[in-house]
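Comments concern the structure below.
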Amino acid sequence: MCYNVLVMAKIIQNYKDCIGCGTCEALCPKFWKMNYDEARASLIGSKKNNKTEEFELEIKDKDIGCNKEAAEVCPVQVIRIE
Ligand code: F3S
């Protein structure tokens, strides 16, 4: 029997309120990259939700780890995982 269970999560960033602290990139460079022109970090590969103006990216369960850390340490709490 084969169980094809792919647990997914969503990372959400309120980009406009990011203050460019950079800890997300330091902790989780596979997903976060500083955009120095705007003094903010971008969530790599994310798409903008035009209703909320936030950036969103679906990730596999195994990739939650460092993103969770980034969410916890972001000084302005603009990252969340659902
Ligand atoms: Fe911005 Fe928070 Fe990263 S302020 S640069 S999203 S740690």
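Read-outs throughout are calculated quantities, based only on the coordinates presented, and are distinct from any laboratory measurement. Since the structure is predicted, the reported quantities are computational estimates derived from the model, not experimental observations. Glycine also receives a Cβ, built like all others from the backbone with ideal geometry; neighbour counts cover every protein chain displayed.
If packing is taken as the average count of other Cβ atoms within 10 Å, what order do 9-16, 35-42 fall into, highest mean first?
Those peptides, ordered most packed to least, come out 9-16, 35-42.
So between N49 and C66, what do we pick up on full extension, going 0.36 nm a residue minus the alpha carbon distance?
Taking N49 through C66 to full extension adds about 3.8 nm, to one decimal.
Rg and Dmax of segment 42-82, using alpha carbons, in Å: what are they?
Here Rg and the maximum Cα pair distance are 10.6, 28 Å.
Starting from the Cα gyration tensor of segment 8-81, multiply each eigenvalue by 5, take the square root, and state the resulting semi-axes largest first in whole Å.
Working through the eigenvalues yields semi-axes of 16, 15, 11 Å.
Taking the Cα atoms of segment 7-49 alone, what are Rg (to one decimal) and Dmax (as a whole number) in Å?
Just the Cα atoms of segment 7-49 yield Rg and Dmax of 10.4, 35 Å.
Please give the net charge around C24, taking every other residue with its beta carbon less than 14 angstrom from that of C24, where Lys and Arg add +1 and Asp and Glu add -1.
In short, 0.
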